[in-house]
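Have a look at the structure below, then the notes.
None of the figures in this text is laboratory data; all of them are computed from the coordinates on show. Remember, it's a predicted structure, so these values are computed and weren't measured experimentally. Please note: Cβ atoms are built from the backbone with ideal geometry, for glycine as well, and neighbour counts cover all protein chains shown.
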Amino acid sequence: EEALAELQHRHRAQRMQAEELRQSLATTVAREQALTGVLAQHAAFAEPVQKLLRLGDGAAGSAFQAVGVVADFAELDAHYAPLLEEYLYDELQYVVVETYEAARRGVNLLREEATGRATFLVDSFGRQPAQGATWKLPEDEATALKSGNGIVAPLTELVRFNGPLGPEAARVLPRLSR
C-alpha cells in the first residue's frame, strides 16, 4: 500500500510539472506571436516613424532614445482589433519618449534627414501621480452608448494601455479622449 501511495504521489507531482510546462509553453508561444505581430505592425508604420524606431534604440551613436510607439503599449479587443487599428492608425504610431528633450532630438533628426513628420508622446505618466482615478466614461453615458443602434461599447472599453502609458494614455490621445 505504501508503494502504491508513493507512486500516486509521484504521478500527481509529474502531472503538475507537466501542466506547468504546458502553461509555460503556451505563454512563450503567445509572447512569440505578440512580438511577431509588433514587428509586422512596425513594418507598416510610416517611414519617419520606422527611422526613429531604428535610431531610438540607442544604436548607431544616436543620442535619440524612444521608449517605443503607442501600439507597443495598446491592447485592442481581439474581436474588433482590425477596425480599431484602422481607426487609431495615427495614434498607434505616436513615438513615445521619456522627456521633452528626447522629443526635440527626434524632431531635429527628422529635420536633418528630411524624412517627414512624426508625433511624439512624452511619457510622464509613470513618474507623476495621476490626478484622481483613471479616466472612465460615466456609467449612465456608457449605458446610453451601448443602447444606441450599432454602438458596441465606448472606445475606452475596447482599447487598454499597459506599461509606461497605462490608463492615462486615453486621456491625452485625441480619438480616445472624445
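One chain, two ends: Q14 and R31. Fully extended at 0.36 nm per residue, the span grows by 3.6 nm beyond their Cα-Cα distance. Between R175 and A46, the modelled labels are 1.3 nm apart [label points 7 Å from Cα along Cα→Cβ].
Between V122 and Y89, what's the calculated FRET efficiency when r is the beta-carbon distance and R0 is 25 Å? Round to 0.05. If you can, show how the numbers build up before the last one.
Values: r = 21 Å, r/R0 = 0.84.
The calculated FRET efficiency here is 0.75.
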